[in-house]
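Worksheet: the structure to be examined is printed underneath.
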């Protein structure tokens, strides 16, 4: 039996999903939580694919059987260890021969193996379409150092829905954003991980997102989601600059100094020659507050320009005199509750 993607993912909450594509395909992107039992190695798939193109399906199938035969016992044993209540879900790229062959093998050794209609390709299409759903979005904006992520996490504790784009991307969205973070996923895996969280949101309740640029390190926000974010109403938390500078010192001063210098060099052309020289020297002198203030000159100007470009988008400005995320979260939620009709 083959399940459509929505039902397949729902069943995947209870039963293991086995991706039978190659290790390279799996590493590029996979359903979060899926297991990889590749029918072919990366090299074997290349051989079979070339033979299929040059000699046809029969020759390619026979060659594939030669690769698979010695590994059938191993495949069956791995599947039996993973199965829950003797049930397992299987998919390949298009829901074709690879998943059908493995499902047959698993069923032969006493499991109930079902496949995904349309394979991983249908899953990717489902993910991308999910970002067009008519969710009510709200963007939290604010100048660098405002602590927007921490504020949103506090708002989440207070009952607001928050999708942490930076957390999923493993990047804080600036030249310094990768420092101290886990390695970033591939762009494809970032989309898959984000879609998993996105699909768990309550469509009736507002979803808060942090204001982000399209690129976040090596990954990029999807075109349809980013376009929506540019047109979405937003709330701007206005934190005094001296508090923001101190926050940057707390967040970054303990991190790898070489990586901090490399990040400064990346934005050097935009800082200007003298500012770059002074910021690097200040970093060597461990004058982190000076580094923070020099970089804020650049980031504040850039972010201010971005807000000006969205002057036609509805927004609420929330002024604050504190850098405490919990207090600012409450200020934002209070302002949103009173004035959200202005946004929607």
Item to check | Where a label projected 7 Å from the Cα of residue 72 along Cα→Cβ would reach, residues of region 80-113 with amide N under 19 Å | outcome: 80-81, 97-113
Checklist entry - Relative to the first principal axis of the alpha-carbon coordinates of the chain, what is the inclination of helix 257-266, with its axis defined by its Cα atoms, in degrees from 0 to 90 and to the nearest 10? => result 80 degrees
Checklist outcome for this item: With a Förster distance of 35 angstrom and the Cβ-Cβ distance between residue 344 and residue 259, calculated FRET efficiency to the nearest 0.05 equals 0.25
Next on the checklist: If R₀ is 35 angstrom, what is the calculated FRET efficiency for the pair residue 330 and residue 181, using the beta carbon separation as r and rounding to 0.05?
Outcome noted: 0.80
Next on the checklist: Could you give me D for region 2-128, from Stokes-Einstein at 37 °C and 0.692 mPa s, where the hydrodynamic radius is the Kirkwood radius over C-alpha pairs? Units µm² s⁻¹, please.
Outcome noted: 224 µm²/s
Item to check | Taking region 137-280 and dividing mean pair separation by its residue count, relative contact order in percent (alpha carbons under 8 Å, at least six apart) | outcome: 37 percent
Checklist entry - Cα centroid distance between region 54-82 and region 322-344, in Å? => result 58 Å
Checklist entry - What are the principal axis extents of the Cα atoms in region 186-344, in Å, biggest first? => result 52, 40, 29
Checklist entry - Hey, what angle do you get for helix 241-252 against the long axis of the chain, alpha-carbon based, 0 to 90 degrees rounded to 10? => result 40 degrees
Checklist outcome for this item: By the mean-Cβ-within-10 Å protection proxy, highest first, 338-344, 193-199, 177-183 rank as 193-199, 177-183, 338-344
Checklist outcome for this item: The Cα radius of gyration of the chain, divided by 2.2 N^0.38 Å with N its residue count, comes to 1.23
Checklist outcome for this item: Descending packing, highest mean Cβ count within 10 Å first, for 167-173, 328-334, 301-307 is 167-173, 328-334, 301-307
Checklist outcome for this item: Contact order relative to length for the chain, counting C-alpha pairs under 8 Å separated by 6 or more residues, stands in percent at 17 percent
Next on the checklist: Could you tell me the center-to-center distance, by alpha carbons, between region 140-184 and region 1-43 in angstrom?
Outcome noted: 29 Å
Checklist entry - What length, rounded to one decimal in nm, is gained on full extension from residue 300 through to residue 285, with 0.36 nm per residue of separation minus their alpha-carbon distance? => result 3.0 nm
Checklist outcome for this item: Longest principal axis of the chain (C-alpha) makes with the long axis of helix 42-55 (C-alpha) an angle, in degrees to the nearest 10, of 60 degrees
Checklist entry - So which residue, out of 290, 53, 231, gets the largest mean-square fluctuation from a GNM of the chain using Cα contacts under 10 Å as springs? => result 53
Item to check | Amide N proximity, region 131-171 versus residue 243 label position 7 Å along Cα-to-Cβ, cut-off under 16 Å | outcome: 141-155
Checklist entry - For 163, 73, 239, what's the fewest-to-most ordering of other Cβ within 10 Å of each Cβ? => result 73, 163, 239
Checklist entry - Reported to two decimal places, what Rg/Rh ratio describes region 139-270 when computed on Cα atoms with Rh from the Kirkwood expression? => result 0.96
Checklist entry - Of the peptides 104-112, 17-25, how do they stack up when ordered by the mean number of other Cβ atoms within 10 Å, highest first? => result 17-25, 104-112
Checklist outcome for this item: Plugging the Cβ-Cβ distance of residue 100 and residue 13 into 1/(1 + (r/R0)^6) at R0 = 25 Å yields, to the nearest 0.05, a FRET efficiency of 0.60
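We did not get these values from a lab; they are worked out from the coordinates using the rules stated. These figures come from a predicted structure and were not determined experimentally. Heads up, the Cβs are rebuilt from the backbone with ideal geometry, glycines too, and the neighbour counts pull from every protein chain shown.
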